[in-house]
Amino acid sequence: PSPRPCQPNGDSEEALQNEIEELKQKDLALDQEIAQFLSEGYSLEELEKHISLLHEYNDIKDAGQMLLGKLAVIRGVTTKQLYPEYDLELSD
């Protein structure tokens, strides 16, 4: 038999419409936030650099969390128990 095209039912179509609307709202909110930063004197280049640095920070933090997790497994303790040993706050 030949494949039939996928026909979304009413529920999934409605869910997709809702998701599209939510994404439009998020896009609008981000545009407003960018406009606010620009009105405060920030440049697009500065904002892009800041975002790039935040991504780099998050990547480094994720790597650190992964290493702490592996160390915790090796030692047979929880990651939380390692935090004081490395002068880390739970909020870190």
#### Entry: Whichever residue in the stretch 24-45 is modelled with pLDDT of 90 or more and of a type in the set (A, V, I, L, M) and, among such residues, is farthest from the chain's Cα centre (by Cα)
ALA35
### Query
Under 8 Å by Cβ, and 6 or more places apart or on different chains, what pairs join a residue from the stretch 14-27 that is assigned to a helix (DSSP H, G or I) with one that is open to solvent by less than 100 Å² (accessible area, probe 1.4 Å)?
LEU16/PRO8
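The values are calculated or read from the model by the stated rules, or taken from the named source; none is laboratory data. Computed from a predicted model, the values in this text were never measured in an experiment. Cβ sites come from the backbone with ideal geometry, for glycine too, and all protein chains shown count toward neighbours. Keep in mind that these areas ignore ligands, DNA and RNA; they rest on the heavy atoms of the full protein, side chains included. Shrake-Rupley method; radii C 1.70, N 1.55, O 1.52, S 1.80 Å.
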